[in-house]
1. I'd like the FRET efficiency for residue 447 and residue 373, computed as 1/(1 + (r/R0)^6) with the beta carbon distance as r and R0 of 45 Å, rounded to 0.05.
2. Which whole-Hz ³J(HN,Hα) couplings does the range 154-159 yield from phi under the Karplus relation 6.51 cos²θ - 1.76 cosθ + 1.60, θ = phi - 60°, glycine and proline marked x?
3. Expected output is a single nm value to one decimal: the length gained when fully extending between residue 467 and residue 622, i.e. 0.36 nm times separation in residues minus the C-alpha distance. What is it?
4. How far, in nm, would the chain grow between residue 812 and residue 640 when pulled straight, counting 0.36 nm per residue and subtracting the alpha carbon separation?
5. So who's got an amide H within less than 5 Å of the one on residue 76, skipping anything under 5 residues away but keeping other chains? H placed 1.01 Å off N, in plane.
6. Run the numbers for residue 75 and residue 390: contour at 0.36 nm per residue of separation, minus the present Cα-Cα distance, in nm.
7. If each of residue 32 and residue 309 carries a label point 7 Å out from its Cα toward its Cβ, how far apart are those two points in nm?
8. Counting only protein heavy atoms and a 1.4 Å probe, tell me what percentage of the range 138-254's accessible area is made up of carbon and sulfur.
Amino acid sequence: MMRIERITGTNLTGLGDVDLIFPVGPVLLLSEDRSRQKGLDDLLLELFYDLKTPQVSKDHSRKGSVEVWMSGESSRFHICRQYFPHKDGLERASKLAIEDETGQKVSLPETMTVGEYLFGVKLRAFRQGGIWEWPESQENNDFVRRVRNLEQGGDEGLSLPKVRASIAGALTRVKDQTLSMALVKAEYDALRRDWEQAHRQQEKERLLLIEIKNLQEKEKILVERVSQAAKIQERLAVLRQNPDYRELRQLQGEVTRLEEQSREIAANLTALTREAPVDWAMIEGLREECTVWAGLQEQADRIAAKAQKQAQKIRETQTFLLTSGYQGLSENQVQRLRVAEEERYAAQQKLELELDNLTIVKSELEKTQIRYTAESAKLQDIAVMEGVTAATEIKFAQRERHLAQWQSSGLGSFLDRMLREQLGLTGIGKSLSLHYAKYYQDYQASNYEEFTSRLQEFRDQRRLVERLQMELEQLHEKVLWEEKLRRIVNSRNNIILEALSTTKAADFPAWLNGWEDYRQKKRQLALWQAELQHELELQKIEENKTATAAEKLREKLSNWGTLTTARDEVLAVVLNVARQLWAKDEVEKEIVVFSQKYHDLLGARNIEHLAKILEPLADLERQTRLSDQDGLAEIAARQKERVEIRRQLEVAEQSLREVRKIPSLSVLEKKIEPVKRQWMAYEALRNALESAQALLETTWQGWKTKYGKTLNVEKQWVLSQMSALAVQGMIARDGAEAQRDYFAYRMAIAQLALGDNPEVPLFFSVGEVNEVQGFWEEVLGYLRKLSHSRQVVFGTSDAILGQKLAANGWLRQVV
């Protein structure tokens, strides 16, 4: 039995500082008023089951605490809960410790309360059987009402008929509003449909706006494309009228380039004559000779440049040939490489074709090898039979035949029987059998039949092993053929890879292409070398002509009175001027030719006007690939498409105007919301009342089925325990019958809630009582009997009752 030994507390609301000791036996708690009793009950509920906010200190600036000491059959408990000041109230901390020989502390799961751990019952059972506050009202009608409620539903504060009537009345009032609510629902449904339609229209409006924007963009693009196409057709018409425009533009550019070149040459001539010791008179006097020399020099320079370019190509080709990796390679080596590639390819193809078959062959080889080993081991077990020759076999057969003849003859049987029966000796047949058995033992046999059987088994096994050996040899040959093919592939690969590494080719076809390129360049090199030799000879001839012309100019300079010492310097300047003059004359000739050709081709046209229309020419020329009909068809198609888009745009804009005539969602939502709340509140109330009614009936029926009969039995038992006279019906009617029934029903409910659990203490509290005799004597007698099995604490604020109880052996404590 679990028992509370002591309760101490400090700074507790409604209690202050308390120190209560509960000895063994019934305990009386005497208080000034019932509020202190109720404060103690609330403290126990909060302490054991966290029922409500903690009992806090009156002075919020100080902390409070409560401690409880309890004992059981084999353990002791100390519960301590402290309250700390907090800005929003109080923050509590609690701990549970077991005081036993080990001093072990209890750690409870988060979902378990202290009361569940100590008493083994939930809060509802504890309130029904552990805490009992006697009603303050002493009116008989009040007790009759409580008894009726307990009898009907097990709850003294719940009147089942009243609850039923309340729910039924509420349902009636709700149903009376059905017609008005139907109108509300119809209004809500209509507004809801309008809202859904408005929502759809809003989405439609959004889509229409997107569609209108897209159509406007398409129309804009089509207008631009039609305009561009029309401009292109106009430009194409101008281009067809002026098919020589590109040639005109090229001639114009060439004339401009030549004029710029002529100006540069003139500037160079001016600079030369300004600083050189010659004048234009000398230059004009030697103009013919200068022109001849300049032409020869130009020819010589052209030949020299060509020879130099040819020599550069020859050097690059020689470098390529030297670094190509084909240098010194003969046709025989190339042929060997071709043969190696063919052999490698053939072997590789055979390997690929036989790859799956080779996998099967290797698997069969492995299986056959395993079987061959196993069968060879079996053959080895009977290898002793290998020594049996044909002569041995004939000799054993003859012996067995002679033995069989002896055993089957009458004389042999008679002699054997006489030897056994008359002389006690072994018969001749038996002696021969034993003698022959010794020969059979050499071959691990006991008789002739076993000998012949083992001999036949040996020969069959030997044939099987020989057959398996032949299969192994055949499979080995197939595997060796694969290895031979792989060796061919690997060896030919090595040969080819060696050649590829020298030339850095990716594969053999690339190597062959490189070889052909090498041979082609080698032949081309010989041709280029011959051409270079020819060019060098021509260059030498032209250089000789140029030197002769220069010598004539030197002689002419002597006629001009030039000093011999300055003649070379003057000659150099003259030759330089001569080269510039020759170049200027050539450029002016080209300018005349190209200008004449340009003006003849241009005629009366204006090139700037044409350029403004036709440029950029490349894009326009690409358009000329299309025929006029295609261009016009394209314009017509885009015009038609534009008309169609304009029609779609007008339809969409008209639809948008129609959509915007419908009220907006915000207006409808403001109308819907109050109607919806009214309807939803009605539905929620109706459903809640119907659910409450159904739940009440279901719960009551379940309680009645489970506890109705048992409760009456327990109640009668409690009454019988209160007084033997109550059972016999001899107690005088003192007006306390309703109180007795109430007490009996409450104790019966406590018994049903707790069952056989003696761990839960009973805290019974009552205020002032009118009469101690009769009913209360029975109650106190029952509680005294109950204290033998459970801890009973009787609290009262009636001083007279407290004195009588103390006189009758109740242990008194003041709270």
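1. Taking R0 as 45 Å, the efficiency between residue 447 and residue 373 is 0.90.
2. Once rounded to whole Hz, the list reads x, 10, 5, x, 10, 9.
3. Gain in length upon complete extension: 47.5 nm.
4. Separation in residues times 0.36 nm, less the Cα-Cα distance, equals 50.7 nm.
5. Here the answer is 99, since their amide H atoms fall under 5 Å of that of residue 76.
6. 103.4 nm
7. A separation of 13.0 nm, rounded to one decimal place.
8. Of all accessible area on the range 138-254, carbon and sulfur atoms account for 51 percent.
The values are calculated or read from the model by the stated rules, or taken from the named source; none is laboratory data. Computed from a predicted structure; not experimentally measured. Note that we place each Cβ from the backbone using ideal geometry, even for glycine, and neighbour counts take in every protein chain shown. The protein model used for the area step is the full one, side chains on, heavy atoms only, and it has no ligands, DNA or RNA in it. Shrake-Rupley method; radii C 1.70, N 1.55, O 1.52, S 1.80 Å.
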